[in-house]
Amino acid sequence: MKKSAVCWAMLILAVIGAGAAPARPPLEKGNGRTVAITFDDGPRPGFVEPVLDILREKGVKATFFVVGRYAAQHPHLVRAMAAGGHVVANHTFYHNNLTALPRENVHREWRLCSETIESILGEKPRFARPPGGQYNAFVVDQAAAEGLRIVLWTNNPGDYNDSLGAPELTGKVLAKAAPGDILLLHVGVGPTIGALPGIIDGYRRKGFSFVTVEDIAR
């Protein structure tokens, strides 16, 4: 049995023993020849709008993991995401490394972001991503306590470094394309906007269809 499977078995047994519903393991990949495009770190004015325009023109639904404090500052952008049929998910309120926080602050990060999204859209999110993908069993358990399932990724081109031009970024993503991809991109990176049309077209040429993390979980 793999180490990760052993860890999750131990976590589930511990939680059941405590009389609570077990946390589901992180969602790590999709199914079949599909790709879920996900965006972290939004919403950010000047970056979200062109991304939404491209997704609408290409007929693609994506998943946006929003930072709560940014969402509170720009609620109209969160509403625009939802109005476009995209999934709005939790990326914590302050975007801290959850594994380095005092334990009592971990649930607060999840809860404050979920409450912010709920105040804007009228419902809480169902999915979450820890900043930097940094998590442990406690982080997952605290997300579950807020009704959240953690989502990771399979394809991370490192666009947040802003060191690649749009053509290079497109090529890097498509070179790693694999069935069940969950693609990690970021709001707030100029080349990502330029690369997005080519990424979508390239996945389609490879025979992929586009899904959201909600579709995968379903």
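For the residues 69, 126, what sequence is obtained by ranking on other C-beta atoms within 10 Å, fewest first? Could the numbers behind the result be given before it?
Values: 69 14, 126 17.
Fewest to most other Cβ atoms nearby, the residues stand as 69, 126.
Subtracting the Cα-Cα distance of residue 134 and residue 96 from their residue separation scaled by 0.36 nm leaves 12.7 nm. Among 86, 76, 95, a tally of other beta-carbon atoms within 10 Å of each Cβ gives an order, fewest to most, of 76, 95, 86.
Listed from fewest to most Cβ neighbours within 10 Å, the set 160, 70 follows the order 160, 70. Based on DSSP loop calls and a cut-off of at most 15 other Cβ atoms within 10 Å, the longest stretch of the chain free of exposed GluC sites (Glu not before Pro) is what? Between the exposed loop sites, the longest stretch runs 124-218.
The count of lysine pairs in the stretch 29-217 that are at least 8 places apart or cross chains, and whose C-alpha atoms lie under 20 Å apart, stands at 9.
Could you give me D for the stretch 102-152, from Stokes-Einstein at 10 °C and 1.306 mPa s, where the hydrodynamic radius is the Kirkwood radius over C-alpha pairs? Units µm² s⁻¹, please.
On the way: Rh = 11.0 Å.
Here the translational diffusion coefficient equals 144 µm²/s.
Every number here is computed from the coordinates shown, using simple stated rules; none is lab data. Being a predicted model, the structure only gives us computed values, none of them experimental. Cβ coordinates were reconstructed from backbone atoms using ideal geometry, including for glycine residues, and neighbour counts include every protein chain displayed.
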